[in-house]
Amino acid sequence: MKEKHWSEAGEKTSTAGIAVLLAAFRLGGRTLFHITLWPVIVFYWLACPEARAASRLYLTRMAQVKGEPRPGPFASLRHIWRFADTILDKLLAVSGFFKPSDLAVTGVEELLADPRGALIITAHTGCQELCQFIGQAELAGHEQTRRREIYVLTHTAHAERFTRIIGRLNPSFAVHHMQVTDVGPQTAVQLSELLQAGHWVVIAADRTPIGSNTRVKVLFLGKEAPLAMGPFLLPVLLRCPAWSMICTRETNPASRARYRVQFARVHDAAPVSRAGRMQAVGRMAQAWTRNLEEALLKSPLDWFNFFDFWHPAQSSRSGKSRRHGV
């Protein structure tokens, strides 16, 4: 059976199921939540061979890089379990359950001090909603950043139900979501205006393009892998700074935080000639990938990209897209 492209996989988020799990957490904390969740996780693990295979491939490569034994047959179950536990944290973060002290942040001072807008390139790791919720609250508390906002580019058709659930939990959740499939001229103009106004635009780069064959090759966990070119070409075309933002569970035993988010500049907005664009894109993509790899080596179970990252399936819309899809 041919593997589907990630954007064509059916959405598995159940509104009723999440309501039940949240009720279990309110009644008995994480212990009851985990007991209630266990049958759901086992069913998903058994019913989704593609997710099992992708998880096993990723964890095997991670073990090889770290010089550890090959992961056992249930390693992918632990990986999916971590994902489900993080879903709870996402919902709790939006509900205001966590405090700023639950998030350890490194490298953000330079980003906030720069009055220019920036493209923030992230991945499907950790609890992004915690970063967004606490980040928006922190921005609102300082005069110099009060008017600056966070815009998140999403393929919301793929996560529409989860977005609605977040909206019900906290209608005032201040992060703006922008649905995109391809970044065409109109979207590029809109992004340029947001960046010129000093806002931040967040985009995930660890999924292959939805509607484009345009990719950039990077070395990830010792093997070449394709990334969508869009997130790395945009800063070059829009002449804006670009930063990596990677969130994972906190692994420092001396820290009281639950998650850690690390920011690092990967592009300085210097003008790039047309002839040098692809070289600049390649450098940026590899720098971002190194930051992702460095964080995951410390917390391997925090990457929730249950698709074959090294040999991704093609989207059925590949031939219908604009030139540079995200």
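The values are calculated or read from the model by the stated rules, or taken from the named source; none is laboratory data. Since the structure is predicted, the reported quantities are computational estimates derived from the model, not experimental observations. Positions of Cβ are backbone-derived with ideal geometry, glycine not excepted, and every protein chain shown enters the neighbour counts.
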Evaluate region 178-186: report whether one residue or more is exposed (fewer than 14 other Cβ atoms within 10 Å of the Cβ), out of contact with any Cys (no Cβ under 7 Å at 6 or more places or on another chain) and at pLDDT 85 or above.
no
What residue, among those in region 106-125 that are in a helix (DSSP H, G or I) and loosely packed, with under 15 Cβ neighbours inside 10 Å, is farthest from the chain's Cα centre (by Cα)?
113
Could you please let me know if residue 143 is among the acidic types (Asp, Glu), surrounded by fewer than 18 Cβ atoms within 10 Å (Cβ to Cβ), part of a loop (DSSP other than H, G, I, E, B) and at pLDDT below 80?
yes
Residue 68 is checked against (1) part of a helix (DSSP H, G or I); (2) at pLDDT 95 or above and fails just one. What number does that condition carry?
(1)
Please find, among 219, 227, the residue that is surrounded by fewer than 20 Cβ atoms within 10 Å (Cβ to Cβ) and part of a strand (DSSP E or B).
219
Anything in region 263-282 that is surrounded by 17 or more Cβ atoms within 10 Å (Cβ to Cβ) and either outside any strand (DSSP E or B) or in contact with a His (Cβ under 9 Å, 6 or more places away or on another chain) (or both)? List them, or say none.
269, 272, 280, 281
Members of region 126-145 found to be under 16 Å from the mean Cα position of the chain (by Cα) and either of a type in the set (A, V, I, L, M) or over 12 Å from residue 90 (Cα atoms) (or both), listed by number:
130, 135
Would it be correct to say that residue 226 is at pLDDT 80 or above and out of contact with any His (no Cβ under 8 Å at 6 or more places or on another chain)?
yes
Quick one: would you say residue 237 is at pLDDT 95 or above, in contact with a Lys or Arg (Cβ under 9 Å, 6 or more places away or on another chain) and either surrounded by fewer than 22 Cβ atoms within 10 Å (Cβ to Cβ) or not in a loop (DSSP other than H, G, I, E, B) (or both)?
no
